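The values are calculated or read from the model by the stated rules, or taken from the named source; none is laboratory data. Remember, predicted model here, so these are calculated numbers, not experimental data. Cβ: placed from backbone, ideal geometry, glycine included. Neighbour counts: every protein chain shown. What goes into the accessible areas is simple: the full protein's heavy atoms, side chains included, and nothing from ligands, DNA or RNA. Shrake-Rupley method; radii C 1.70, N 1.55, O 1.52, S 1.80 Å.
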Amino acid sequence: MELQIEHLCKTYRKKEALQDVSFTLHKGIYGLLGENGAGKSTLMRMLATVDFPTKGSIRCDERDIFALDKKYRSLIGYMPQDYSVYPGFTAKDFLEYMGVLKGIPEKKLKDRISEVLEFVNLSDAADKKVKTFSGGMKRRIGIAQAIINEPVILILDEPTAGLDPKERIRFSNIISDMGKDKIVLLSTHIVSDIEAIASELIVMKKGNVLESGNVDALVQKVKGKVRETVVSQEVCHRLRKERSVIHLKQMEKDVQVRFVGEEYPGVKSSQAEPTLEDYYIFAGGIIESEE
């Protein structure tokens with residue numbers, strides 16, 4: 001199975017949401033990383049055939065996904081960033097509704113609902129109304145509806161948004177289990193989620209792909225460029241203007257600083273082992289400035 005995205009462009013009136021985006025996906029978990037507005041959701045809507053490209057093509061095993069139509073949709077599972085569930089539905093009712101929409105035979109659907117509820121750890125909540133669910137439970141029912149048709153391509157847009165740490169860990173484990181035999185594309189702006197789940201990374205910014213490749217290999221690109229130091233408040237203020245600062249930790253009088261770049265003149269610093277977050281900052285990712 002191969003999903004090929006070539007020279008993809010999307011324009012809304014005069015705004016270019018995607019600009020000449022190209023990459024190829026095989027089985028495995030891919031992280032789509034970028035700040036809000038980078039074009040991640042636009043790209044995923046097109047991969048799910050919810051939206052159409054202005055230019056370019058998306059092909060599944062060399063065949064255009066829009067020409068494949070229902071045949072392609074039967075291969076995919078899609079969890080949008082924001083999705084609605086009728087609040088009066090129970091978990092079982094909702095999955096039955098989605099299963100019918102996806103054309104799953106009635107005899108198979110009952111067993112499949114039980115399977116996916118167990119997989120996302122919601123079997124005990126099968127007869128509870130979705131309006132009573134926590135944020136984490138709603139995300140898990142979102143995963144359940146995405147996989148009920150046993151897709152080979154899974155598209156997840158900001159699946160961990162709004163989850164507490166415990167739910168995010170549980171969710172990460174669920175996604176990791178599914179990456180063994182599927183193409184999984186996971187969109188987020190939370191770097192730690194990508195680091196925990198994905199082996200391949202696609203970095204987007206302002207509608208463009210900045211870089212893509214194996215996570216570990218990309219992280220090694222910043223080896224020797226990540227530094228840590230402890231400085232005064234005054235020096236910290238200057239350093240933040242001239243280096244890409246990743247973390248600040250306030251101490252009694254001084255500040256512990258982690259930054260990417262060359263050594264800062266007059267400041268003694270030590271090299272640190274790089275992380276994906278360090279690479280993201282180095283590659284052009286944005287962390288909101290406190291200034």
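Rounded to the nearest 5, the antiparallel percentage of DSSP beta bridges internal to the chain is 65%. A simple rule links phi to the HN-Hα coupling: the Karplus curve 6.51 cos²θ - 1.76 cosθ + 1.60 with θ = phi - 60°, which for the range 191-206 gives 4, 5, 5, 5, 4, 7, 10, 8, 9, 10, 9, 10, 9, 10, 8, 6 Hz, with x for Gly and Pro.
Of the accessible area of the range 169-256, computed with a 1.4 Å probe over protein heavy atoms only, carbon and sulfur atoms account for 46 percent. In the full protein context, the range 1-137 carries 56 Å² of accessible surface per residue, based on a 1.4 Å probe and ignoring ligands, DNA and RNA.
Summarising the amide proton neighbourhood of Leu18: residues at separation of 5 or more, or on other chains, whose placed amide H is nearer than 5 Å comprise Lys10. Residues whose amide H falls under 5 Å from that of Gly39, counting only those 5 or more places apart or on a different chain, are Gly207, with hydrogens built in the peptide plane.
When shorter helices are ignored and each DSSP H run of at least 4 residues is given -39500 (n - 2.57), the per-residue value for the chain at 222 nm works out to -9500 deg cm²/dmol.
Using the Cβ of Met178 as centre and a radius below 12 Å, the other residues enclosed give a net charge of 0, where K and R count +1 and D and E count -1.
The candidate values were (i) 37, 31, 14; (ii) 39, 23, 16; (iii) 43, 32, 16; the one computed from these coordinates for semi-axes √(5λ) of the Cα gyration tensor in Å carries the label (ii). Of the accessible area of the range 56-106, computed with a 1.4 Å probe over protein heavy atoms only, carbon and sulfur atoms account for 52 percent. How high is the relative contact order of the chain? Use alpha-carbon pairs under 8 Å, at least six apart in sequence, and give a whole percent. Once divided by the residue count of the chain, the mean separation gives 21 percent. Annotation: per residue accessible area for the range 169-268 equals 53 Å², rounded to a whole number [probe 1.4 Å, protein chains only].
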